[in-house]
């Protein structure tokens with residue numbers, strides 16, 4: 001049984017390039033990172049902080065957030081350039097580029113940069129633990145962060161880099177640019193944080209991005225069935241987009257629309 005389960009770890013990658021790239025060359029490092037993340041968030045982090053005061057991470061958070069703004073903005077600009085300004089793909093069917101395509105290495109490194117950013121995003125939750133902001137560690141938060149890292153890894157391994165998921169990188173990097181800019185401003189001081197009226201709109205654009213993912217897969221399945229992007233991954237995209245729409249919508253309702261929230265205003 002174990003050999004069958006872990007046999008999936010030995011399946012050769014779709015693109016031989018990743019065999020030489022840190023964190024992509026084997027499933028074990030990212031699997032251990034995700035397991036360590038979950039253990040720290042749900043158990044050992046809280047044990048570590050049990051008799052400690054919350055850490056003052058203001059300067060760390062300011063640096064981290066502005067770095068995330070710059071990083072995500074760069075990914076967004078690159079994705080937008082190769083999708084719309086100097087198109088590399090057929091937008092009706094965004095398949096991964098052939099291994100000998102002249103822009104293949106750009107696609108590879110852009111995908112890798114996005115993947116590393118998803119790994120870096122795990123630090124959001126680590127900071128919550130170190131600051132004892134446990135109420136911010138919701139199931140939505142943890143599932144979203146873990147899912148983005150782990151499913152993205154296996155997608156790259158079995159399918160290859162780029163392809164239809166360039167749309168995800170485009171939308172997600174834009175959302176994160178806005179989100180981390182909000183975090184950067186709010187970390188500058190309580191006075192500024194209380195004046196940021198547009199926090200709820202970040203959740204709205206997060207929901208919109210998942211609607212875009214859903215519509216993209218649905219439209220390809222309905223109107224371009226000959227597209228070479230794997231059908232299984234189209235349905236996976238539909239499923240994950242649906243899950244995230246439901247979870248983010250529920251979060252939005254509970255946070256901004258529920259009767260309890262109305263009473264607190």
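A few notes on this one:
- Count - residues of the range 210-229 that are touching a residue at least 40 places away in the same chain (Cβ under 8 Å) and crowded, with 16+ Cβ neighbours inside 10 Å: 6
- Test for residue 135: is it more than 24 Å from residue 77 (Cβ to Cβ), out of contact with any helix residue (DSSP H, G or I) (no Cβ under 8 Å at 6 or more places or on another chain) and part of a helix (DSSP H, G or I): yes
- Positions within the range 89-119 being buried (at least 17 other Cβ atoms within 10 Å of the Cβ) and more than 25 Å from residue 22 (Cα to Cα), in sequence order: 89, 94
- Criterion applied to 253, 180, 201, 235 was being in contact (Cβ under 8 Å) with a residue 24 or more places away in the chain and assigned to a helix (DSSP H, G or I), and the one residue passing it is 180.
- In the set (1) touching a helix residue (DSSP H, G or I) at 6+ places or on another chain (Cβ under 9 Å); (2) in a helix (DSSP H, G or I), the condition left unmet by residue 162 is number (2).
- Residue 239 vs. criteria modelled with pLDDT of 95 or more, loosely packed, with under 13 Cβ neighbours inside 10 Å, out of contact with any helix residue (DSSP H, G or I) (no Cβ under 9 Å at 6 or more places or on another chain) and over 21 Å from residue 61 (Cβ atoms): yes
Conditions (1) part of a helix (DSSP H, G or I); (2) more than 10 Å from the chain's Cα centre (by Cα); (3) modelled with pLDDT of 95 or more; (4) more than 23 Å from residue 88 (Cα to Cα), marked per residue:
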{"site": "107", "(1), (2), (3), (4)": "yes, yes, yes, no"}
{"site": "110", "(1), (2), (3), (4)": "yes, yes, yes, no"}
{"site": "118", "(1), (2), (3), (4)": "yes, no, yes, yes"}
{"site": "128", "(1), (2), (3), (4)": "yes, yes, yes, yes"}
{"site": "145", "(1), (2), (3), (4)": "yes, no, yes, yes"}
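The values are calculated or read from the model by the stated rules, or taken from the named source; none is laboratory data. Just so we're clear, the structure is a prediction, and the values are computed from it rather than from any experiment. Glycine gets a Cβ as well: all are built from the backbone with ideal geometry, and neighbour counts include every protein chain shown.
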